[in-house]
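Enquirer: Attaching a single structure in structure tokens format; questions to follow.
Since every read-out is calculated from the coordinates, none of them should be taken as a lab result. Keep in mind it's a predicted model, so treat the numbers as computed, not measured. Here Cβ is always computed from backbone atoms with ideal geometry, including for glycine, and neighbour counts include all displayed protein chains.
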Amino acid sequence: MKKMNKPKTYHQTEKKSAIVEEPVAMYAPVNFVKVPAIAEFTYKRFQKIADKVPFTLKEWADMLHLSERTLQRYAKNNTAFEGIYVDRILHIEQLINIGLQAFVNGDALYRWLKRDKQVLGTMLTFESLYSMQGIQLLIDDIGRILYGVYI
């Protein structure tokens, strides 16, 4: 018969905590695109974007869901836009910038935006610029044109 060994007992000499501690990880800073502060986004800044494509003041007002008179007040006083309008303007600027890569100039982009187009079963019109989803669909469509996967 085999002899059973007695279980060994271990004695702690120091009182240790049961919490595992690891050194804090050092992360390299990420380069983010600087989004302008709302207070910095004045009408002059908007005008630089608006000059890229020949939208009328009425069309800009419709895209931003403002009245023409309000846009005129922004222009007169060089007032900073409110946050919701800054977001919309920047989204339209993204559309304009990608559109200028695909088309010869702002006039050609404008004419393309004015035409109705059927894209992947969805009808896109100029009024598509009145919603964030419509703007994104137009950006996606121009991306397809740029990469040669236009359907």
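Enquirer: Looking at segment 77-128 only, could you name the residues that are more than 18 Å from Phe46 (Cα to Cα) and among the hydroxyl-bearing types (Ser, Thr, Tyr)?
Expert: The first filter runs over segment 77-128 and keeps only residues more than 18 Å from Phe46 (Cα to Cα), leaving 101-105, 107-109, 111-128.
Scanning segment 77-128 gives Thr122, Thr125, Ser128.
Enquirer: Looking only at segment 45-104, how many residues end up being within 18 Å of Leu137 (Cα to Cα) and of a type in the set (A, V, I, L, M)?
Expert: 10
Enquirer: So, one more: Exactly one condition in (1) surrounded by fewer than 17 Cβ atoms within 10 Å (Cβ to Cβ); (2) part of a helix (DSSP H, G or I) is not met by Pro54; state its number.
Expert: (2)
Let's see how each residue does on (1) more than 25 Å from Val86 (Cα to Cα); (2) in contact (Cβ under 8 Å) with a residue 24 or more places away in the chain:
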{"site": "Gly121", "(1), (2)": "yes, no"}
{"site": "Met132", "(1), (2)": "no, yes"}
{"site": "Leu137", "(1), (2)": "no, no"}
{"site": "Asp140", "(1), (2)": "no, no"}
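Enquirer: Only one of Arg88, Arg144, Arg115 is farther than 19 Å from Leu57 by Cβ, surrounded by 14 or more Cβ atoms within 10 Å (Cβ to Cβ) and basic (Lys, Arg); which?
Expert: The unique qualifying residue is Arg144.
Enquirer: Residue by residue through segment 47-89, note down the ones that are under 14 Å from Leu129 (Cβ atoms), of a type in the set (Lys, Arg) and without any contact (Cβ under 8 Å) to a residue 40 or more places away in the chain.
Expert: Passing the criteria: only Lys58.
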